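Accompanying notes for the structure given below.
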Amino acid sequence: MRQLRGQERVITGNRQTSWAFAEAYGVEHIDDTALRWARERAREAGLRSVSSGTGAALRLLAATADAKAVAEIGTGTGVSGIHLLHGMRPDGVLTTVDLEPERQQFARQAFRAAGFAGNRARFIPGRALDVLPRLADGGYDLVFCDADRAECLDYLAESLRLLRPGGLVCFEGVFADGRTVESAAQPTEVLRLRELLRAVRESTVLQPSLLPVGDGLLCAVKRG
């Protein structure tokens with residue numbers, strides 16, 4: 001990589017500072033006690049939670065969609081779910097799917113600690129590609145995917161079926177710690193992410209945007 005000089009160094013430094021500022025922006029307006037607890041449970045389980053910037057983006061997108069029904073692929077310990085619930089309508093229901101029921105118990109506790117009633121979330125344990133076909137066609141305002149990257153193209157296909165016209169699909173982690181854009185040989189999951197990015201960009205039924213928050217948040221609106 002060539003050495004940056006003069007104005008290039010200033011631009012790069014400012015950009016990194018700006019990204020750090022964006023990640024921290026808007027976090028303090030919600031009580032993060034439950035979020036901190038859920039993040040700690042994730043660290044103990046060896047899971048990576050969505051960043052603060054990604055969480056803020058999810059809240060914004062759920063609120064913009066006036067989301068009443070959201071499907072989440074990958075419950076984790078509840079960090080992303082808390083952000084989604086904060087953005088959804090007060091009567092909205094989050095349907096969240098995860099292969100590990102133990103993680104969903106942590107998420108259930110985190111949602112309760114964040115002040116959400118028990119009927120605001122529906123927890124379904126199981127492999128996503130076994131569960132998703134049982135969910136209603138066109139019944140969701142937003143689908144958030146944060147699970148097995150090797151299955152991301154299948155998640156996209158299911159999301160298109162689940163979403164109403166004008167609904168949103170979001171994929172977390174599409175940068176894969178920078179590996180998605182590296183020219184070196186990459187594992188299958190990174191190759192699948194590249195295929196996902198291409199498929200979403202070239203789709204005639206999606207209007208996409210790639211947000212540089214966290215480890216990359218790919219979003220797209222399903223055209224009517």
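The values are calculated or read from the model by the stated rules, or taken from the named source; none is laboratory data. Being a predicted model, the structure only gives us computed values, none of them experimental. Using ideal geometry, Cβ is built from the backbone for each residue, glycine included, and neighbour counts are taken over all protein chains shown. These accessible areas exclude ligands, DNA and RNA; they are computed on the full protein's heavy atoms, side chains included. Shrake-Rupley method; radii C 1.70, N 1.55, O 1.52, S 1.80 Å.
For the range 184-194, a residue qualifies if it is in a helix (DSSP H, G or I) and of a type in the set (A, V, I, L, M), and the qualifying residues are V190, L191, L193. You will find that of D137, D130, D98, the residue that is among the acidic types (D, E) and within 19 Å of the chain's Cα centre (by Cα) is D98 and no other.
Here A121 clears all of (1) within 18 Å of S49 (Cα to Cα); (2) among the hydrophobic types (A, V, I, L, M, F, W, C); (3) without any contact (Cβ under 8 Å) to a residue 60 or more places away in the chain; (4) in contact with a Leu (Cβ under 6 Å, 6 or more places away or on another chain) except the condition numbered (1). For S159, indicate whether it is surrounded by 15 or more Cβ atoms within 10 Å (Cβ to Cβ), farther than 25 Å from R89 by Cβ and among the hydroxyl-bearing types (S, T, Y). Spelling it out, it is not the case that S159 is surrounded by 15 or more Cβ atoms within 10 Å (Cβ to Cβ), farther than 25 Å from R89 by Cβ and among the hydroxyl-bearing types (S, T, Y). Scanning the range 45-61 for residues that are among the hydrophobic types (A, V, I, L, M, F, W, C) and either under 16 Å from A20 (Cβ atoms) or more than 11 Å from the chain's Cα centre (by Cα) (or both) yields A45, L47, A56, A57, L60.
Of all residues in the range 62-116, those that are basic (K, R), in contact (Cβ under 8 Å) with a residue 24 or more places away in the chain and either in a loop (DSSP other than H, G, I, E, B) or open to solvent by less than 10 Å² (accessible area, probe 1.4 Å) (or both) total 1. Of all the listed residues (T77, T33, T64), the sole one being modelled with pLDDT of 95 or more, of a type in the set (S, T, N, Q) and farther than 24 Å from P165 by Cα is T77. Note on the range 36-53: residues that are open to solvent by less than 10 Å² (accessible area, probe 1.4 Å) and either modelled with pLDDT of 95 or more or under 17 Å from R112 (Cα atoms) (or both) total 3.
Among the residues making up the range 162-194, none is exposed (fewer than 11 other Cβ atoms within 10 Å of the Cβ), touching a residue at least 12 places away in the same chain (Cβ under 8 Å) and either on the phi > 0 side of the Ramachandran plot or basic (K, R) (or both).
All of L197, L218 fail the test of being free of Cβ contacts under 8 Å to residues at least 40 places away in the same chain, open to solvent by less than 70 Å² (accessible area, probe 1.4 Å), outside any loop (DSSP other than H, G, I, E, B) and touching a Ser or Thr at 6+ places or on another chain (Cβ under 9 Å), apart from L197.
Note on the range 117-152: residues that are crowded, with 22+ Cβ neighbours inside 10 Å and part of a loop (DSSP other than H, G, I, E, B) total 2. For the range 25-61, residues that are without any contact (Cβ under 8 Å) to a residue 40 or more places away in the chain, farther than 20 Å from D177 by Cβ and part of a helix (DSSP H, G or I) total 5.
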